[in-house]
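> The following block contains the structure, expressed as structure tokens.
The values are calculated or read from the model by the stated rules, or taken from the named source; none is laboratory data. Bear in mind that the values here come from a model prediction, so they are computed numbers and not experimental data. Cβ placement follows ideal geometry from the backbone for every residue including glycine, while neighbour counts extend to all protein chains displayed. The area values use the complete protein model at the heavy-atom level, side chains included, leaving out ligands, DNA and RNA. Shrake-Rupley method; radii C 1.70, N 1.55, O 1.52, S 1.80 Å.
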Amino acid sequence: MTAAGIYRSDGARRSVFESYDRLADEWPVARDDLDVETDFGSVHVLTAGPVDGTPVMLLHAASMGAPSWGPNAGPLVEAGFRLFAVDHIGEAGRSVLRDPTRYPSNDEQVATLYSQVADRLGIQRGPVIGASAGGQRALRYALAHPERVSHLALIGPMGLTPLGIRAVFKMMMASMRPTRRRIASTARWALGAAPAVTAGYCQWFEVVLRSVASPPRVARPTATSTDELRAITAPTLVVLGDHDNLVGPSDRARRRATSIPDVEVHVLASSHLVNVECALAVNQMLLDVLQRKAG
């Protein structure tokens, strides 16, 4: 791998890091940064909360990076949880692939990655919260290692329904030909136009699309079968957006989610980044579920 890594140039990498640090510095609670080694390379983690608090792994939406949990960090930390927001390796962020040809490219390897991250962080068991593609990764981790997941929260998750061809095409074109007009159009379609989203994350999204070289070094989210959903043992919260272009119709996703044995499903007036657009409601739901069913 060149010095630029997954980025188009050293300057592009610097732009991503600068934007990343600005968002991370906006977290409403004190945080630390650490790096852990895995088979795929160095994984960066943002940590916050009491060191003796219940450990919670946070798996971000595709291309959003660990700082995107800023709208949710405060209430979770105030409730006594210890947060570990993980930068998915192979995406824009501060994790570093050791070899550009070797990344978590299927569901089994994704589960292996997060089990290694949990091992390095000393997390034996705890809640896992995932947004968008991070929700699909959380599903794969929970299925592969049910003994390690005490609670599961899936916010606008991929993996309940298949990833549509239109979404694949739009993201592929924006990555291959990141013109300003195409990026703006893709951001509106994928992320929505809510002020909380546009103010905080559309600039980041533009920097990422302009900076990360194609092809992507990540596994495409796969749909979880009904039998797999029925095999999930953790108490699960699912929060969906009612106009989420990436997940698709909320009624279909809700029906699929009800296959999980112990599940609570909510549909909010939101596009894809539900944890950002509806942070107050999502934060209360997270606290209600984690505290009511703790242990």
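> Once a ≥ b ≥ c are taken as the square roots of the eigenvalues of the Cα gyration tensor of the stretch 248-288, is the result rounded (a/c under 1.5), prolate (a/b larger than b/c) or oblate (a/b not larger than b/c)?
Oblate, because a/c is 1.5 or more while a/b does not exceed b/c.
> Show log10 I(q)/I(0) for the chain at q = 0.07, 0.08, 0.16 Å⁻¹, two decimals, from a solvent-free Debye sum over equal Cα scatterers.
For the chain at q = 0.07, 0.08, 0.16 Å⁻¹, log10 I(q)/I(0) is -0.22, -0.29, -1.36.
> Let me ask you something else. Remind me, relative contact order of the stretch 1-52 in percent, using alpha carbon pairs under 8 angstrom and six or more residues apart?
23
> Now, a different point. Stick to Cα atoms and the Kirkwood definition of Rh, then tell me Rg/Rh for the stretch 78-140.
Over the Cα atoms of the stretch 78-140, Rg/Rh equals 0.96.
> What Kirkwood hydrodynamic radius do you get for the stretch 207-295 when you take the inverse of the mean 1/r over all pairs of distinct Cα atoms, in Å?
Evaluated on the stretch 207-295, it is 15.0 Å.
> Only Cα pairs under 8 Å and at least 6 apart count here; give the relative contact order of the chain as a rounded whole percent.
Values: 628 pairs, mean separation 58.0, N = 295.
The value is 20 percent.
> How far, in nm, would the chain grow between VAL267 and GLU147 when pulled straight, counting 0.36 nm per residue and subtracting the alpha carbon separation? Don't skip to the answer; put the middle values down first.
Values: separation 120, 0.36 × 120 = 43.20 nm, distance 2.84 nm.
Result: 40.4 nm gained on full extension.
> More than 15 Å apart: what percent of Cα pairs in the stretch 1-68 qualify?
65
> Could you size up the charge dipole of the chain around its Cα centre, putting +1 on the beta carbon of Lys and Arg and -1 on that of Asp and Glu, and report it in debye to the nearest 20?
Using only the charged Cβ atoms, the result is roughly 1040 debye.
> A further question follows. Can you grab the distance from the C-alpha centre of the stretch 19-89 to the C-alpha centre of the stretch 231-254, Å, no decimals?
23
> Of all the accessible heavy-atom surface of the stretch 53-174, with the other protein chains kept in place and a 1.4 Å probe, what percent is carbon and sulfur?
53
> Need one number: the % of Cα-Cα pairs in the stretch 27-135 sitting beyond the 23 Å mark.
Details: 1169 of 5886 pairs.
Counting every Cα pair in the stretch 27-135, those more than 23 Å apart make up 20 percent.
> Something else now. Give, rounded to the nearest 20 debye, the magnitude of the charge dipole that the stretch 205-295 has about its Cα centre when Lys and Arg contribute +1 at Cβ and Asp and Glu contribute -1 at Cβ.
240
> Counting only heavy atoms of the protein chains, get the accessible area per residue of the stretch 1-90 (1.4 Å probe) and round it to a whole Å² value.
36
> Nearest 0.05, what FRET efficiency do SER185 and ASP25 give at R0 = 41 Å with Cβ-Cβ as r?
Rounded to the nearest 0.05, the efficiency is 0.90.
> If R₀ is 45 angstrom, what is the calculated FRET efficiency for the pair LEU287 and ASP10, using the beta carbon separation as r and rounding to 0.05?
0.60
> So how long is each side of the stretch 44-103 along the principal axes, counting just the alpha-carbon atoms, biggest first, in Å?
Extents along the principal axes, in whole Å: 41, 21, 12.
> Pull out a ≥ b ≥ c, the square roots of the eigenvalues of the alpha-carbon gyration tensor of the stretch 174-258, then state rounded if a/c is under 1.5, prolate if not and a/b is larger than b/c, and oblate in the remaining case.
Since a/c reaches 1.5 and a/b is larger than b/c, the shape of the stretch 174-258 is classed as prolate.
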